[in-house]
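Reading through the structure tokens given below for one structure.
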Amino acid sequence: MSVPVRRLSAAALVALGAAGLSACSVPALGSTTTVTRTATVSATATVTASADPGPGYGDPTPSPADPALATGLPTDPGTPAPVPGAPVPAAPAGAAVRAKPGLRVRFGQEVLMDGSYARISGTVGFTVTGITKGVAGDLASLNLGQQAVGMTPYYIQVKVTNESAADFAYSSLDGGIVGLLPDGTKGTQVTFIRDFPRCNTGTAPRAFTRGKSYTSCHVYLANDAVRLTGAGWNGIGFSDDASKLDYYRNPVVWTS
């Protein structure tokens with residue numbers, strides 16, 4: 001499921017839950033309403049946040065085998081994130097697990113999702129390998145101005161593996177990955193209209209067949225007073241029609 005964001009003809013749009021910007025209400029699922037605000041700035045990225053994070057993201061309940069979200073994250077501003085398309089290290093020991101709404105796993109655990117993309121159906125394995133904390137200076141080249149004041153970037157590294165006979169060539173399968181704050185709400189997503197070497201999203205290569213993988217990276221911002229501590233998968237972009245709303249309400253979550 002996607003939430004529409006009004007786009008204007010400009011170098012970039014910033015859609016933030018902040019006061020003083022023109023507001024428009026966008027209906028989400030059920031009785032929940034997502035409010036976004038847009039403003040034109042001279043920038044090379046789009047920052048998206050919601051006043052209402054949507055169903056399933058507030059105060060998730062850990063299972064007995066999975067403790068509450070951890071707060072420690074590595075800080076590595078000098079080392080680039082994995083390059084999309086580069087060789088992917090071997091997965092940690094342990095068999096992949098099947099996805100189910102509300103599943104909670106550790107970073108490095110592969111979760112198998114059944115779904116479809118562009119009318120091609122199959123099974124894809126998603127692995128959030130970790131989250132790296134950046135520094136405010138990483139955002140300088142994006143010209144976000146006051147929109148980035150008091151915000152820290154975090155980089156979510158993802159490995160995507162085709163675990164079926166389908167060929168998902170040139171597909172972007174990891175659009176449902178979201179960054180999560182300690183209370184389970186979503187952070188502020190940043191998408192780009194040009195290359196951002198620190199953290200680029202990836203795409204499946206040609207002939208993306210069984211056993212092949214690609215890497216991807218997603219940028220989320222968090223207020224300096226909090227940390228991005230986990231990542232979720234909410235069914236957007238790759239899921240079956242019968243379960244996509246279940247995952248949106250109760251996503252799969254990876255934590256340390």
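Each reported figure results from applying straightforward, stated rules to the coordinates on display, with no laboratory input. What you see is a predicted model; the values in this text were computed from it and never measured. For neighbour counting, all protein chains shown are included, and Cβ atoms are generated from backbone atoms with ideal geometry for every residue, glycine included.
Full extension of the chain between Ala169 and Thr209 yields a length gain of 13.6 nm, computed as 0.36 nm times the residue separation minus the alpha carbon distance. Shape class of segment 161-222 from the alpha-carbon gyration tensor: oblate, with a/c at 1.5 or above and b/c at least as large as a/b.
Compared with the alpha-carbon gap, the fully stretched path from Ala95 to Val135 is longer by 10.9 nm at 0.36 nm per residue. For the pairs Lys159/Lys186; Lys159/Lys244; Lys100/Lys133, flag any whose C-alpha to C-alpha distance is greater than 26 Å. Among Lys159/Lys186; Lys159/Lys244; Lys100/Lys133, the Cα-Cα distance tops 26 Å for Lys100/Lys133.
Subtracting the Cα-Cα distance of Asp246 and Asn143 from 0.36 nm times their residue separation leaves 33.4 nm of extension gain. Of the trypsin sites (Lys or Arg not before Pro) found in segment 110-215, those in coil by DSSP whose Cβ has at most 11 other Cβ atoms within 10 Å are Arg119, Arg194, Arg206.
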